[in-house]
Amino acid sequence: MRKISQSGYSLLANLGFLALFLIAFGFCAYWVSLYQHKKGIVEVVNTVSEFYQSYQEKAEDLLKKRIAFDAPIYLKSYELLPSCVEEQSLFDKRRKVCKTPLGEIDIKIDYVYPFSYTYVYTHFTDIYKRNSCEQFLSAEWEKVVPKNWWGQQGYIGVISETTPGKMYFSYNNNYITRDGAQISPTKDQRHQICKVCKKSRYCSVLMFFVLNENIFKNSENAVAIQN
């Protein structure tokens, strides 16, 4: 009986050690995932910033040539985003997009004389997608893109599986009064707008603006990229 009792005690002790090990492992895995997520956000922000830096330099020439495209191959050929790593889009297997650690970036430029319409989608599909949305918007893209580029049509919005979209930023009075956009978004606005991503498989930030040649006549008023 003594032998059986000792054996039973050992089993309980082993189970206790196993439980402690699993808890410790879980905490380590959690902190590692947060660290990887932080690195991922930095990479996504740097990639989009790289695009905007190049686009500001080349936009006027692209507009004059009436360039339009919707695939990463053009981002590379026009040297707008040479670092783009192509992959199939999660949303449309027929489309190619730029791969990121937290999802994908999809950039499209349409030209309908005399305007160039730019769509910059940043799709987050990671497990922290709602937090990704907030951290990404905290880069203050409304200041990164030149102010005169936004005009009265440009905006930043957040889209998810559960909503067609919510306005985050715009100078358009209708978007401000009707859709809740802000001229100077706050931290609380970022938190509220990214709530639309709750229980969604993805969280997407769309930056849209319209360019024409008149914009570049006053380019000295443009806001420079903030490092």
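The values are calculated or read from the model by the stated rules, or taken from the named source; none is laboratory data. Nothing here was measured: the structure is a model prediction, and the numbers come from that model. Cβ atoms come from the backbone with ideal geometry, glycine included; neighbour counts cover every protein chain shown. Just the protein is used for accessible areas: all its heavy atoms, side chains included, with ligands, DNA and RNA removed. Shrake-Rupley method; radii C 1.70, N 1.55, O 1.52, S 1.80 Å.
Once every Cα of region 90-227 carries one equal point scatterer and solvent is ignored, give the base-10 log of I(q)/I(0) from the Debye formula at q = 0.11 Å⁻¹, two decimals. Each listed q maps to, in turn, -0.41. Three principal axis extents describe the C-alpha atoms of region 117-175; from largest down they are 35, 23, 19 Å. The overall shape of region 64-152, judged from the alpha-carbon gyration tensor, is oblate: a/c is not under 1.5, and a/b is no greater than b/c.
Applying both filters, DSSP loop and at most 13 other Cβ atoms within 10 Å, to the trypsin sites (Lys or Arg not before Pro) of region 111-203 gives K198, K199, R201.
Using a Förster distance of 45 Å, how high is the FRET efficiency between K76 and R201, based on the Cβ-Cβ distance and rounded to 0.05?
Numbers: r = 29 Å, r/R0 = 0.64.
Using R0 = 45 Å, I get an efficiency of 0.95.
Return the whole-Å distance between the Cα centroid of region 135-214 and the Cα centroid of region 42-70. So the two Cα centres are separated by 19 Å. Label separation (F115 vs K64): 2.3 nm, computed from points 7 Å beyond Cα along the C-beta direction. Within the assembled protein chains, the solvent-accessible surface assigned to V42 is about 80 Å², based on a 1.4 Å probe. Extending 7 Å from Cα along the Cβ direction at S54 and again at Y171 yields two label points whose distance is 2.7 nm. Multiplying the residue separation of K38 and D92 by 0.36 nm and subtracting their alpha-carbon distance yields 16.7 nm. Determine which lysines satisfy two conditions relative to K129: a Cα distance under 24 Å, and not lying fewer than 8 residues away in the same chain. The reachable lysines, counting only those whose Cα sits under 24 Å from K129, are K38, K39, K93, K96, K99, K108, K143, K166, K187, K195, K198, K199.
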